[in-house]
Amino acid sequence: MFPVVPERALLELARTEGGPETLTLLVRDQDTRRLLLLRAVLDAAEAAERSVCTAAQKARLREDWALLTEADRLPAADARFANPARARLFHPLTGPWARSCLRGLDAAPGPADGERARRLRRDLAHFSAIAAVVAAGAGIPFRTRLTARAGVLALPSLGALHTARSGDVPVDVTCTEGRLVLRQADAPDVTVHLESGVGAWSGALAWTPAHALPGLTRTAPPLPLDDLDPYRELPDGPGHGNLRTPLALDDAERKRWLQAWSGTALALRSGGAQRLAEAGALLRCLVPLETPPDVGTGRGSCSATRREAFGGLLSSTPPDAVTLAATLVHELQHAKLAALSDLVTLHRAGPAARYFAPWRTDPRPYDGLLQGTYSHLAMAAFYQRRALVGGLPDRDWAWAQHARYRAQVGAALPALVGSPDLTVRGRRFVDEMAATHERMAEHPAPRGHVARAQAYVASARALWAQRHASALPPSNG
């Protein structure tokens, strides 16, 4: 069912690149996995004990799926996808919703825990909202009842209704001719008019429209800037540090995003034509995050990706276009490598955190080291290409960034290349990464930048060794 990755594609990705065919292979595979994940939710619901998923909930899921199936037969509303239903189902934040459903449904039979039952009830109710959005976008007239969550009814890609009462509130929805009428008790009806692509407008103060940024290129569709979806939050755990607070944008923050975004395509292209191409092929939505206080000022920002939300990128408000472009380059490498790892076993290393990474103070597991080195290799290439463009006002800064990223990659590569846990294809992959790193020497950074970068890495290694000397493997020396 899943495609074989050709050797050409493997080597392209190892160079942190990827032509149209290679990127299409990754995208199609991830979309296939999304459909299988949704099917797994329905199957898990049908198989669940009634104490976990009631007969009424199962019946509603079947009704919602039937509505999606009807929309699935209609012509596409978005040229990127085969049909309007899948345009919504492939939205990155549908993945975290499906995973949350599966966690709730994968419970032992018996009396349900109160909090788990409430979460599952809201998760399943959200599928009704997804189905309603898909049907509305496909032009299917319908009447349905949805449930607002904590006083907010989120209609993904359209917007959100703030109900007159708090808590879980029933909302009756009628759809006709590109218009939704939202009706709740003890409040005026809210009429919402669908726009082409992302968003819907209403004159009612209770309605907050979804927002989107212009397409990266003239022919690209608008890119959702999603600060409304209830599944945009990062999960708890050490993997994401303090990046757990999504940001609801005000007008000032939205303008800052638009200002940075307006120059992002040009900044990406200056770092290599493939950077703009991969962003266009892989990026499906941006999720704003609050900026943690330790990020600082100037060009500081924080960002993340989620493996279950392919195509989504979470980021604090970017200070400028170059920073946003670099964020896209960095995070999309994580998306590419995660997608490749679903298709190809690159290594069989365990989860033990014992490797030195110059960009972290804690030991890293092998897979974490591979992910970090891969994204840093792309950053070194991005800034080297920018530094080689004549006339850029920040050329010297770009050389400094290139030198630092290249020195960091050089310090991490020996552990990757020397691992006995690499598969045959994994060794081809990391060997090509190393060759890409070596080819950068053909256009070296100024000596001063190189010396400072090497001193930085040496200092980071010495500090790490003081803290974790017993964990340092011989191959990482």
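For the reader, a short list of remarks on this structure follows.
- Every condition in (1) over 27 Å from residue 119 (Cα atoms); (2) at pLDDT 95 or above; (3) not hydroxyl-bearing (Ser, Thr, Tyr) is met by residue 3 except one, and the failing one is (2).
- Subset tally (residues that are touching a Pro at 6+ places or on another chain (Cβ under 8 Å) and among the β-branched types (Val, Ile, Thr)) for the stretch 394-415: 0
- Residue check, residue 203 open to solvent by 20 Å² or more (accessible area, probe 1.4 Å), at positive phi and not in a helix (DSSP H, G or I): no
- Scanning the stretch 1-58 for residues that are in a helix (DSSP H, G or I), open to solvent by less than 20 Å² (accessible area, probe 1.4 Å) and within 19 Å of residue 272 (Cβ to Cβ) yields a count of 6.
- Identity of the residue in the stretch 145-162, over 23 Å from the mean Cα position of the chain (by Cα) and in contact (Cβ under 8 Å) with a residue 40 or more places away in the chain, that ends up least open to solvent (accessible area, probe 1.4 Å): 161
- Failed item, numbered, when residue 386 is tested on (1) more than 25 Å from residue 349 (Cβ to Cβ); (2) in contact with a Ser or Thr (Cβ under 7 Å, 6 or more places away or on another chain); (3) surrounded by fewer than 19 Cβ atoms within 10 Å (Cβ to Cβ): (3)
- First in the stretch 222-234 and within 13 Å of residue 149 (Cβ to Cβ), second anywhere and in a strand (DSSP E or B) and among the charged types (D, E, K, R), Cβ under 8 Å, 6 or more apart: 230/149
- Residues that are surrounded by fewer than 17 Cβ atoms within 10 Å (Cβ to Cβ) and touching a Phe, Trp or Tyr at 6+ places or on another chain (Cβ under 9 Å), drawn from the stretch 177-190: none
- Selection of the stretch 62-82 for residues being modelled with pLDDT of 65 or more and open to solvent by less than 40 Å² (accessible area, probe 1.4 Å) yields 64, 67, 68, 71.
The values are calculated or read from the model by the stated rules, or taken from the named source; none is laboratory data. Every value quoted in this text rests on a predicted model; they were computed, and no experiment measured them. Every residue, glycine as well, gets a Cβ built from its backbone with ideal geometry; the counts of neighbours run over all protein chains shown. Side chains included, ligands, DNA and RNA excluded: accessible areas come from the protein's heavy atoms. Shrake-Rupley method; radii C 1.70, N 1.55, O 1.52, S 1.80 Å.
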